[in-house]
């Protein structure tokens with residue numbers, strides 16, 4: 001058994017497998033398409049469209065946030081207690097006054113989009129700073145200026161996912 005493990009390590013070091021960015025994008029696209037064809041796909045798409053229009057937030061940006069936050073898993077829960085598709089902290093969800101069930105698809109998306117819309121307004125239309133605030137909390141991100149180092153990876157990931165989402169037909 002140990003010899004097989006050593007052989008596996010040697011092969012991994014000598015013959016690394018490279019995965020192209022295109023292959024990763026295709027895998028993410030397939031993940032989105034599978035989620036949207038799943039049992040809750042139509043409801044997710046309808047809620048995103050409805051609240052995109054209501055709160056004036058780009059529909060594809062909302063999908064990119066959902067993909068980044070939960071991978072379209074409506075029951076996702078982080079170690080810090082963020083829950084649902086848009087990974088909202090219970091106090092943030094409650095403060096948006098959209099209902100009382102953080103796991104409800106429609107309520108979770110509305111609260112998340114309403115929150116994101118408020119952050120975009122707070123940051124005077126700067127989506128980069130708004131996304132950093134969504135991830136880090138508003139108090140940790142300046143109203144204007146640069147995205148803090150702690151938020152850059154998250155913001156880059158959302159924009160990478162936005163690129164993927166732009167290839168999906170809704």
Checklist (1) in a helix (DSSP H, G or I); (2) in contact with a helix residue (DSSP H, G or I) (Cβ under 8 Å, 6 or more places away or on another chain) applied to residue 74, failing item | (1)
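Just to be sure, is residue 146 part of a helix (DSSP H, G or I) and modelled with pLDDT under 95? Walk me through how you get there before you give the answer.
On the way: part of a helix (DSSP H, G or I): no; modelled with pLDDT under 95: yes.
So residue 146 does not fit the description; no.
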Subset of the stretch 49-61 [part of a helix (DSSP H, G or I) and under 14 Å from residue 131 (Cβ atoms)] = 60, 61
Mind checking whether some residue in the stretch 122-142 is out of contact with any strand residue (DSSP E or B) (no Cβ under 9 Å at 6 or more places or on another chain), closer than 22 Å to residue 33 by Cα and modelled with pLDDT of 95 or more?
-> no
Return yes when residue 105 is over 15 Å from residue 64 (Cα atoms), out of contact with any strand residue (DSSP E or B) (no Cβ under 9 Å at 6 or more places or on another chain), in contact (Cβ under 8 Å) with a residue 60 or more places away in the chain and surrounded by 21 or more Cβ atoms within 10 Å (Cβ to Cβ) and no when it is not.
-> no
Only one of 35, 64, 46 is at pLDDT 95 or above, in contact with a helix residue (DSSP H, G or I) (Cβ under 7 Å, 6 or more places away or on another chain), part of a helix (DSSP H, G or I) and surrounded by 10 or more Cβ atoms within 10 Å (Cβ to Cβ); which?
-> 64
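Every residue in the stretch 108-121 that is touching a strand residue (DSSP E or B) at 6+ places or on another chain (Cβ under 8 Å) and more than 14 Å from residue 47 (Cβ to Cβ), please.
Hit for the stretch 108-121 is 115, nothing else.
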Would you check which residues across the stretch 126-143 are more than 16 Å from the chain's Cα centre (by Cα) and assigned to a helix (DSSP H, G or I) and list them?
-> 138, 139, 140
Can you find even one residue in the stretch 87-106 that is under 24 Å from residue 167 (Cβ atoms), at pLDDT 95 or above and in a helix (DSSP H, G or I)?
-> yes
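The values are calculated or read from the model by the stated rules, or taken from the named source; none is laboratory data. All values derive from a computational prediction rather than experimental measurement. Methodologically, a virtual Cβ is constructed for each residue, glycine included, from the backbone with ideal geometry; neighbour enumeration extends over all protein chains shown.
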